[in-house]
Amino acid sequence: MKLFLDKEVKSLNYFIKHSHWGRRNRDKKQWLKVIDKVINNYTGIYYNKITIISIRKRLLDMDNLIGGAKTLIDSLVDKKLIKDDSPDLVKIDYKQRISKTKGIGTEVIFYKR
């Protein structure tokens, strides 16, 4: 299964700079709304491997990308697309791609190992 989410993964530096817990909560709620638009009435098959592709204007270093994707991962758990973010239960790969014009967002590809 492949989802295109029209929301960009924020950098971990963004969350560190604006470290109030409410900001992370708002970001997670935004992810939940964006995911809801795409999956509608998903029945809850847990996937155990996912690839997150951040499509953005400028590349981040991988630490910032991975840390910034935490609220997205938590939202995928809430939506029962992955059982938990534990490395024993899901393998997560992170990638980035530059897009200078359109298509800024996040692509999530789900696999059953």
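Points to keep in mind about this one:
- Conditions (1) small (Gly, Ala, Ser); (2) loosely packed, with under 12 Cβ neighbours inside 10 Å; (3) in contact with a helix residue (DSSP H, G or I) (Cβ under 6 Å, 6 or more places away or on another chain): number failed by SER86: (3)
- Pairs with Cβ under 9 Å, 6+ apart, first in the stretch 87-103 and in a strand (DSSP E or B) and modelled with pLDDT of 95 or more, second exposed (fewer than 13 other Cβ atoms within 10 Å of the Cβ) and among the basic types (Lys, Arg): LYS91/ARG113
- Residue selected from the stretch 31-83 under the condition among the charged types (D, E, K, R) and in a strand (DSSP E or B), by the criterion surrounded by the most Cβ atoms within 10 Å (Cβ to Cβ): ARG56
- Residue list for the stretch 1-34, filter: touching a helix residue (DSSP H, G or I) at 6+ places or on another chain (Cβ under 6 Å) and either over 15 Å from LYS70 (Cα atoms) or among the aliphatic types (A, V, I, L, M) (or both): LEU3, LEU5, VAL9, LEU12, LEU32
- Breaking point among (1) more than 14 Å from the chain's Cα centre (by Cα); (2) part of a loop (DSSP other than H, G, I, E, B), for ASN13: (2)
The values are calculated or read from the model by the stated rules, or taken from the named source; none is laboratory data. Just so you know, these numbers come straight off a predicted model, no measurement behind them. Cβ atoms come from the backbone with ideal geometry, glycine included; neighbour counts cover every protein chain shown.
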